[in-house]
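So the structure is just underneath, and the comments pick up after that.
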Amino acid sequence: MKFTIFGAGGFIGRRLSDTLKASGHEVATPDRTWLSGARNSDFKVAPYNADLGQVIYCIGMTADFREKKRETVDAHVSLLNTILHSTKFESFLYLSTTRVYLGCETTSEAARLSVDPQAADDLYNLSKIMGESACLSLDNPKIRVARVSNVAGFDPNSQNFLNSVIRTAVTSDALTLGESLESAKNYVYVDDVVEALINIATRAKGRIYNVAGPDNVSHGDIAAALGRLTGVKTTVADKAPTRIFPPIDMGRYSAEFPPITRSLNDVIDDVVNSYRGYHHALDPASRGETTIDEARGIVRYRDEARGIALELPMESAEGWEVASKAWLRVGWDVKHIYTFTWMGRPIIQLPEDMIRIQELIHTTRPDVIIETGIAHGGSLIYYASLFEAMGHGRVIGVDIQIRPHNRRAIEEHPLFKRIEMFEGSSTSQAIVDQVKARIGKDDKVMLILDSNHTKDHVLAELRAYAPLVTVGCYAVAADGIMAQVAGGPRTGADWPVSNPTEAARAYVAENEDFVIDMPAFEFNESPLRHHVTYWPDGYLRRVKDSAAG
């Protein structure tokens, strides 16, 4: 049987796609390029004129719908409507939400729904209901709607309540709830959702079905489980409200298919342990075993001493992150970054870091980049070449010792016209004063720190030069990867605690003008959200200038 999964990069869509493929079905997963074409195509050419088979439409906005109103309506209504009316399919299943029952007297599929277009938070429900209407208004009994409850499962990118509190419990000692312990709602395990969606898409007799767990689970039950599994201490905010969502009526689904019997209480241990394993695998101090099973498409992480065994799909963002962490460590051991040049000069940097900072330079368009640490001069030439392409800008380089052959090569380079160099300690007042003298009052300034990488030195550099950074621009502390590669070749015993990342964190703690802000990808047609970088938590964005009043 052929299935087409729209939104296969999301949590439910990915699990659905994996399950169907494992069962031997043909599965198409249109990517964003396809979807972009779908918005503008007349569907007379391949692949738009192909029969999509059993379509399951998982595209949707959840926790971020308040900030992405246009995208929410587009995902839930506009794109849906285009595909409904312009493609061929055997059946079509639209994923809606049990949130549409807010304010209703019953949670049966026949309930009369109530929304308020003047309430900002109702945009989500309104757009989902409009999507439902777009489906159900068509005279085709195989176009159906699944109203899905709160989905429980390992989903590191989710910002919903359950995933947020689990992440907090796994990564800290304290958890504060904004609602009372008596608050309660329904949860349904992701594997049960997948099974239910396949049942509804292929065999359902009706057109609207709830997909929910067997019972409501209270915040108190969740807090108790998290305390037992992680040791986290839970408190409740003052005057926290009590919100109890009515139980979801599963009568219609259970009359046609095996009932869903697993409660959140039955699966929360597995979900929390998956989060524990994932965060441990990405912890710079972790030293587990990472293996890649290409035949099965699995990334495995194991730490027997901690009782952690994690398996992630190779095609998932999480699998990529765990595998990339191991790759970075291997790359350090074999000196991978010592194999690159830029326009004739060695540049001892990870290529991804160079591309990412190019994106940032192009976006923020500084007039001056101050870089501490010159070495062979490759990065000075790199930044100068970007300025040359943009038609403006200059680079100021500082190093405690500029070797004669490196100085000669830099000064003889065609791009030296955009470079100035100062020799001396980057934290000496004399050097700091010379650099400051080269900054005009209207210059837009960016700072890159890549000299002595101890915490104390980088913190001193930040205190000296970060005040020069323009609001909206960045100070970048390079090579915080030291904590992750500690114990490998060419590392020091203090690297886990004395490194640029620790300096960056210390600086933002003492200076409210800056926040750590790893820039989001400017272009992204993947499920990935995090950099593969030697500079973790090294980007400090200036958000205000307190000295200016």
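The values are calculated or read from the model by the stated rules, or taken from the named source; none is laboratory data. On a predicted model such as this, the values are computed, not experimentally measured, just so you know. Ideal geometry is used to build each Cβ from the backbone, glycine not excepted, and the neighbour counts take in all protein chains shown.
Select from segment 141-157 the residues that are under 25 Å from Pro247 (Cβ atoms) and over 28 Å from the mean Cα position of the chain (by Cα) and write down the one among them that is surrounded by the most Cβ atoms within 10 Å (Cβ to Cβ). Once the filter is applied, the top-ranked residue is Val145. Could you tell me whether segment 101-118 includes any residue that is out of contact with any helix residue (DSSP H, G or I) (no Cβ under 8 Å at 6 or more places or on another chain) and of a type in the set (A, V, I, L, M)? Scanning segment 101-118, I find at least one residue that is out of contact with any helix residue (DSSP H, G or I) (no Cβ under 8 Å at 6 or more places or on another chain) and of a type in the set (A, V, I, L, M), so the answer is yes. The set of residues in segment 422-450 that are aliphatic (A, V, I, L, M), surrounded by 15 or more Cβ atoms within 10 Å (Cβ to Cβ) and either without any contact (Cβ under 8 Å) to a residue 40 or more places away in the chain or more than 21 Å from Arg365 (Cα to Cα) (or both) comprises Ile431, Val432.
In this structure, Asn160 qualifies as within 17 Å of Gly13 (Cβ to Cβ), in contact (Cβ under 8 Å) with a residue 40 or more places away in the chain and surrounded by fewer than 18 Cβ atoms within 10 Å (Cβ to Cβ). Do we have any residue at all in segment 383-405 that's in a helix (DSSP H, G or I), under 18 Å from Leu447 (Cβ atoms) and small (Gly, Ala, Ser)? Checked against the condition, which is being in a helix (DSSP H, G or I), under 18 Å from Leu447 (Cβ atoms) and small (Gly, Ala, Ser), segment 383-405 yields at least one hit. The number of residues in segment 336-366 being among the hydrophobic types (A, V, I, L, M, F, W, C), closer than 27 Å to Asp443 by Cα and without any contact (Cβ under 8 Å) to a residue 40 or more places away in the chain comes to 3.
I'd like to check something: does segment 367-377 contain any residue that is within 31 Å of the chain's Cα centre (by Cα), without any contact (Cβ under 8 Å) to a residue 40 or more places away in the chain and over 22 Å from Gln434 (Cβ atoms)? No.
Tell me, please, whether a residue that is without any contact (Cβ under 8 Å) to a residue 24 or more places away in the chain, farther than 20 Å from Ser164 by Cβ and of a type in the set (Gly, Ala, Ser) can be found in segment 293-300. Checked segment 293-300: at least one residue is without any contact (Cβ under 8 Å) to a residue 24 or more places away in the chain, farther than 20 Å from Ser164 by Cβ and of a type in the set (Gly, Ala, Ser). Restricting Thr230, Thr202 to residues that are farther than 16 Å from Ala146 by Cα and among the hydroxyl-bearing types (Ser, Thr, Tyr) narrows the list to Thr230. Candidates are the residues of segment 1-31 that are in a strand (DSSP E or B) and over 19 Å from Asn157 (Cα atoms); the one that is nearest to the chain's Cα centre (by Cα) is Ile5. For the structure I just gave you, tell me whether Pro284 is part of a loop (DSSP other than H, G, I, E, B), farther than 30 Å from Ile198 by Cβ and touching a helix residue (DSSP H, G or I) at 6+ places or on another chain (Cβ under 9 Å). Answer is yes for this residue. Number of residues in segment 415-454 that are part of a loop (DSSP other than H, G, I, E, B) and not acidic (Asp, Glu) equals 14. Take segment 305-322 and flag every residue that is more than 11 Å from Ser274 (Cα to Cα) and modelled with pLDDT under 90. Scanning segment 305-322 gives Ala305, Arg306, Gly307, Pro313, Met314, Glu315, Ser316, Ala317. Here segment 131-140 is the region considered, the condition is being surrounded by fewer than 17 Cβ atoms within 10 Å (Cβ to Cβ) and hydrophobic (A, V, I, L, M, F, W, C), and the residue that is nearest to Tyr94 (Cα to Cα) is Leu136.
Every test in (1) under 18 Å from Ala152 (Cβ atoms); (2) in contact (Cβ under 8 Å) with a residue 40 or more places away in the chain; (3) in a helix (DSSP H, G or I) is passed by Ile260 save one, and that test is (3).
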